[in-house]
Amino acid sequence: MERVQICKYIKNYSKIEKIQTEHQVIYSAEALLDDIFLSVVHIQPGQDDYYVKCQCSGILPDHAKNIMLFMYENSIDVGGFLDVLQELSVKYTEVEPSF
């Protein structure tokens with residue numbers, strides 16, 4: 001069983017005094033056997049990472065890549081990730097990440 005990375009997009013945010021802390025958001029899609037996994041991870045120095053990872057059914061690798069590109073280009077963070085999947089009618093199950 002080999003995990004195959006479909007895509008990985010990384011968005012870096014600079015520290016802007018009194019407005020925004022420095023952080024990074026990683027958007028990725030992987031395939032394992034017939035399953036597609038989508039994840040968004042929010043990394044902020046000095047704090048615990050927070051994330052969501054889903055096992056999706058009924059999507060192909062190209063569709064997974066397009067979904068994650070949409071998330072990246074529209075700066076969808078962990079909090080909005082599942083809402084967007086629901087709006088796109090993607091069937092998913094949340095799973096524990098294996099980073």
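For region 1-41, the set of residues classified as among the small types (Gly, Ala, Ser) and touching a residue at least 24 places away in the same chain (Cβ under 8 Å) consists of Ser28, Ala29, Ala31, Ser39, listed by residue number. Do we find a residue being of a type in the set (Gly, Ala, Ser) and touching a Leu at 6+ places or on another chain (Cβ under 9 Å) anywhere in region 34-45? Within region 34-45, not a single residue is of a type in the set (Gly, Ala, Ser) and touching a Leu at 6+ places or on another chain (Cβ under 9 Å).
Residues that are at pLDDT below 90 and of a type in the set (A, V, I, L, M, F, W, C) within region 33-56 comprise just one, Leu33. Exactly one residue out of Ile16, Ile26 is at pLDDT 90 or above, β-branched (Val, Ile, Thr) and within 28 Å of Ser89 (Cβ to Cβ): that is Ile26.
Report every pair of residues separated by at least 6 positions or lying on different chains whose Cβ atoms are under 8 Å apart, first residue within region 55-79 and in contact (Cβ under 8 Å) with a residue 24 or more places away in the chain and more than 22 Å from Ile43 (Cα to Cα), second of a type in the set (Gly, Ala, Ser) and part of a helix (DSSP H, G or I). Final answer for the pair search is Cys56/Ala64.
The values are calculated or read from the model by the stated rules, or taken from the named source; none is laboratory data. This is a predicted model, so every value here is computed, not measured. Ideal geometry is used to build each Cβ from the backbone, glycine not excepted, and the neighbour counts take in all protein chains shown.
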